[in-house]
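Report on the following structure.
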Amino acid sequence: MSTRASTAGPRKLGRPPATDSAETRERLLRAARLAFADVGYAATTNRELAARAGITTAAIYHYFPSKADLYLAVLEEVDAAVASTFEDAAAGLVGLIPRFCAVLDAAVDLNRADPSVAAFVVGVGVEARRHPELAELIHHRPGRSTMFVHRLVTEARDAGELLPGVEARGLEDLLSSVLSGLARFSTATASAERYCSAVEAFKRVLTATAVEVGSPA
């Protein structure tokens with residue numbers, strides 16, 4: 001049997017193996033999320049990103065051609081992670097209120113595990129208004145987490161849960177505003193305890209056990 005020389009040849013320099021490349025990309029995305037959450041889009045520099053990710057500044061361009069593209073990639077990763085967390089929390093539950101309460105609990109856990117997620121999400125709208133290159137990338141982009149809230153309300157409407165006069169779109173906007181408002185509160189106070197307390201209070205309002213309606217007898 002004749003032997004054949006390997007055709008693989010030496011690995012080309014300057015381009016990491018697939019596994020290393022994926023790991024480095026994840027480190028860069030995490031570094032970017034932390035930096036964007038801490039100091040904002042404009043103040044985040046390649047030098048800071050490279051230092052956080054443990055790579056050279058030139059290597060950043062191997063993964064993302066521009067800072068705007070990197071920001072969009074962080075947004076997509078965060079949106080997917082948040083939506084997946086919410087979807088898992090609501091799975092198997094019946095009824096809009098139990099499902100949304102479970103989502104609120106999941107948001108508390110997510111915030112405790114990584115406060116930079118809420119801080120980044122809170123800054124997206126502001127950054128898009130300040131930087132046209134971001135607005136162009138983000139504009140009309142339906143987020144997966146936004147679509148999750150839409151499905152939650154739509155399924156409740158189709159199941160006949162909504163009372164007469166309650167508009168699905170208005171309820172959807174309210175629930176989205178609650179989630180974003182709590183995220184802003186968490187970022188502003190930097191207190192996981194106050195965030196958790198606010199969530200618990202709102203859950204009691206949802207289940208009508210926070211206040212007594214009517215005058216005492």
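The values are calculated or read from the model by the stated rules, or taken from the named source; none is laboratory data. As the structure is a computational prediction, the values presented were derived from the model and not from experiment. Because the Cβ atoms are built from the backbone with ideal geometry, glycine has one as well, and the counts that use them run over all protein chains shown.
The residue that is surrounded by the fewest Cβ atoms within 10 Å (Cβ to Cβ), among those in the range 182-192 that are farther than 14 Å from Val103 by Cβ and not polar (S, T, N, Q), is Ala190. What about Ala106, is it of a type in the set (A, V, I, L, M), assigned to a helix (DSSP H, G or I) and at pLDDT below 95? No; evaluated as a whole, the condition is false for this residue.
Checked against (1) of a type outside the set (A, V, I, L, M, F, W, C); (2) more than 20 Å from Ser84 (Cα to Cα); (3) modelled with pLDDT of 95 or more, Glu212 passes all but condition (3). Inside the range 165-187, can you point out the residues that are within 22 Å of Gly125 (Cβ to Cβ) and over 17 Å from the mean Cα position of the chain (by Cα)? The answer is Arg169, Gly170, Leu171, Glu172, Asp173, Leu174. Just one of (1) in contact with a helix residue (DSSP H, G or I) (Cβ under 6 Å, 6 or more places away or on another chain); (2) assigned to a loop (DSSP other than H, G, I, E, B); (3) modelled with pLDDT under 95 fails for Arg4. It is (1). For the range 87-129, a residue qualifies if it is aliphatic (A, V, I, L, M), more than 14 Å from the chain's Cα centre (by Cα) and closer than 18 Å to Val74 by Cα, and the qualifying residues are Val126, Ala128.
Flag not set for Glu127, criterion: among the charged types (D, E, K, R), in contact (Cβ under 8 Å) with a residue 60 or more places away in the chain and surrounded by fewer than 18 Cβ atoms within 10 Å (Cβ to Cβ).
Of the residues making up the range 27-63, those that are in contact (Cβ under 8 Å) with a residue 60 or more places away in the chain, closer than 17 Å to Pro115 by Cβ and of a type in the set (A, V, I, L, M) are Leu34, Ala37. Within the range 76-93, the set of residues being surrounded by fewer than 17 Cβ atoms within 10 Å (Cβ to Cβ) and more than 20 Å from Leu137 (Cα to Cα) comprises Ser84, Glu87, Asp88, Ala91, Gly92, Leu93. Quick check on Gly143: is it within 14 Å of the chain's Cα centre (by Cα), farther than 25 Å from Ser197 by Cα, surrounded by 15 or more Cβ atoms within 10 Å (Cβ to Cβ) and not β-branched (Val, Ile, Thr)? For Gly143, the condition - within 14 Å of the chain's Cα centre (by Cα), farther than 25 Å from Ser197 by Cα, surrounded by 15 or more Cβ atoms within 10 Å (Cβ to Cβ) and not β-branched (Val, Ile, Thr) - is met.
The requirement of being at pLDDT 95 or above, more than 14 Å from Val82 (Cβ to Cβ) and not small (Gly, Ala, Ser) is not satisfied by Phe120.
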